[in-house]
Ligand code: SAH
């Protein structure tokens, strides 16, 4: 029999994908299989290369319905097969999370396991809403209460008399649909009708919405505001602090969702920036980057590097792919010592710097035309090598050959259009919850148009705004019918965010 594996019961945090622990990320990096529940932000899955399956209590497009016994069985089975498994659960795995039942099943089956705590919704949502559950002047205790009791239970185990007397803050999980009953029960049991109450919906995500009121009017206010699950109900004087320290919902792009079209594995900076601005990043890779399967041409070129005068990079991925191969085949930066280096833009130049290489030429504007113009005066009778993707525009070879260069290209990575976006992205678009898509190259613009057209028909009626990284990308987008709302002044992803910010303000 194969060696037994190990199962990690990991808390994913409540929504903001930055709210997972370092230990949780490490477990994901090592996992062979990830089973995640419906509350987990799918962006967290970018920390793993494992097969990831969503466990759903309802049958839907993302996979089959699994009940708790079946989930326990899956975990035990995968453990017996020797797999490293992460069971990823929204918030904290044990707080109203049935993680302890999963641990018990693993213990009974003799499968090694560990529990990695997470940030539970009560702390994250309240703090993102500007509420300290235990402010020393306002609450000396906090209670986490279920608002949705097991319907099989013969009698309520919640004693509202005791809850009404509780000397601190009450936080109800899973109570949105019963808010009227909860408020009434507390009032009947003697809690003042003027006690402040906050209901926080989809806490710590860009969709976070908070409604405040009192025990007397909160149910009406919540139904008027059409709050959605998951939501928390917070009852207590501490809710009053929100008027002073409501920081998250005031971030400049709060409430916005931005589609990041960068390839998977290359989107971290753009994702981080989106969250800093208060918006939600939606990873929708449009281009799939694959390493070469056959390196013969690259290796052969590397052996002849001394013959070239110039080396051109037009992407960060190209820099990584080429320099990694140079290193793996026994070479290092000294092989480039007689060459000049040119980059298309600041991000590519920055990546070269990380290898302690300085670009000799970076054009003012981040476009192939600008790079060609910047290089043209220098390349007559020079031998120029371009480390490029399997697909690209022909501006550089055309202009530089005209300028008298001997031009060669070497393909250092494969570059394919993806066929469609992940199912959760399509669902978001269908629900009109995607506000912006950043388009960072002409081929991305073309492919976004193709996929959206295939899935949703007319592009003009989609309630999505498009931000183009540059005029060239804008042009390509317009040609395929994507209406561009704004074009970045600086032709980088940061520039795209700046443009969206200025458009939204
Ligand atoms: N284990 C989770 C809770 C699971 S129970 C945790 O520790 O957070 C599910 C309930 O958690 C929901 O009904 C809701 O009350 C609350 N919840 C989870 N995520 C939330 C969020 N982002 N905002 C508000 N409430 C949330």
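The values are calculated or read from the model by the stated rules, or taken from the named source; none is laboratory data. Because the structure is a prediction, the values reported are computed rather than measured. Reconstructed Cβ throughout: ideal geometry from the backbone, glycine too, with neighbour counts over all protein chains shown.
Per-residue answers, yes or no, for (1) more than 22 Å from residue 421 (Cβ to Cβ); (2) at pLDDT 90 or above; (3) crowded, with 21+ Cβ neighbours inside 10 Å:
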site	(1), (2), (3)
36	no, yes, yes
41	no, yes, yes
52	no, yes, no
56	no, no, no
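For the range 199-231, filtering for residues that are more than 20 Å from residue 18 (Cα to Cα) and in contact (Cβ under 8 Å) with a residue 60 or more places away in the chain leaves 1.
Where in the range 24-137 are the helices (runs of 4 or more DSSP H), entirely inside, with at least 1 residues that are in contact (Cβ under 8 Å) with a residue 60 or more places away in the chain and away from the ligand (no atom under 15 Å from the Cβ)? In the range 24-137, 68-80, 99-109 are the helices (runs of 4 or more DSSP H) which contain 1 or more residues that are in contact (Cβ under 8 Å) with a residue 60 or more places away in the chain and away from the ligand (no atom under 15 Å from the Cβ). The lone criterion from (1) free of Cβ contacts under 8 Å to residues at least 24 places away in the same chain; (2) surrounded by fewer than 22 Cβ atoms within 10 Å (Cβ to Cβ); (3) in contact with a helix residue (DSSP H, G or I) (Cβ under 6 Å, 6 or more places away or on another chain) left unmet by residue 457 is number (3). Taking the conditions exactly as written (closer than 28 Å to residue 35 by Cα and either more than 16 Å from the ligand (Cβ to nearest atom) or surrounded by fewer than 18 Cβ atoms within 10 Å (Cβ to Cβ) (or both)), does residue 146 satisfy them or not? Here the answer is yes, as residue 146 does meet what is asked. Please determine whether any residue of the range 290-305 is modelled with pLDDT of 95 or more, under 34 Å from the mean Cα position of the chain (by Cα) and not in a loop (DSSP other than H, G, I, E, B). For the range 290-305, residues modelled with pLDDT of 95 or more, under 34 Å from the mean Cα position of the chain (by Cα) and not in a loop (DSSP other than H, G, I, E, B): present. Screening the range 199-235 for residues that are more than 16 Å from the ligand (Cβ to nearest atom) and assigned to a loop (DSSP other than H, G, I, E, B) and picking the one that is surrounded by the most Cβ atoms within 10 Å (Cβ to Cβ) gives 215. Given the criteria more than 23 Å from the chain's Cα centre (by Cα) and part of a helix (DSSP H, G or I), does residue 449 qualify? Considered against the rule, which asks whether it is more than 23 Å from the chain's Cα centre (by Cα) and part of a helix (DSSP H, G or I), residue 449 comes out as no.
Conditions tested, residue by residue: (1) crowded, with 19+ Cβ neighbours inside 10 Å; (2) closer than 30 Å to residue 468 by Cα; (3) touching a strand residue (DSSP E or B) at 6+ places or on another chain (Cβ under 6 Å); (4) touching a residue at least 40 places away in the same chain (Cβ under 8 Å).
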site: 318; (1), (2), (3), (4): yes, yes, yes, yes
site: 328; (1), (2), (3), (4): no, no, no, no
site: 344; (1), (2), (3), (4): yes, yes, no, no
site: 354; (1), (2), (3), (4): no, yes, no, no
site: 377; (1), (2), (3), (4): no, yes, no, no
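Within the bounds of the range 147-169, is there any residue that is modelled with pLDDT of 95 or more and in a loop (DSSP other than H, G, I, E, B)? Looking through the range 147-169, at least one residue is modelled with pLDDT of 95 or more and in a loop (DSSP other than H, G, I, E, B). Is it true that residue 249 is touching a residue at least 40 places away in the same chain (Cβ under 8 Å), surrounded by fewer than 21 Cβ atoms within 10 Å (Cβ to Cβ) and either within 15 Å of the ligand (Cβ to nearest atom) or within 30 Å of residue 467 (Cβ to Cβ) (or both)? Yes: the conditions hold for residue 249. Consider the range 250-276 and keep the residues that are closer than 17 Å to residue 447 by Cα and part of a loop (DSSP other than H, G, I, E, B). The one that is modelled with the lowest pLDDT is 264.
Residue-by-condition table, conditions (1) within 11 Å of the ligand (Cβ to nearest atom); (2) part of a helix (DSSP H, G or I); (3) without any contact (Cβ under 8 Å) to a residue 24 or more places away in the chain:
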position: 139; (1), (2), (3): no, no, no
position: 187; (1), (2), (3): no, yes, no
position: 194; (1), (2), (3): no, no, yes
position: 197; (1), (2), (3): no, no, no
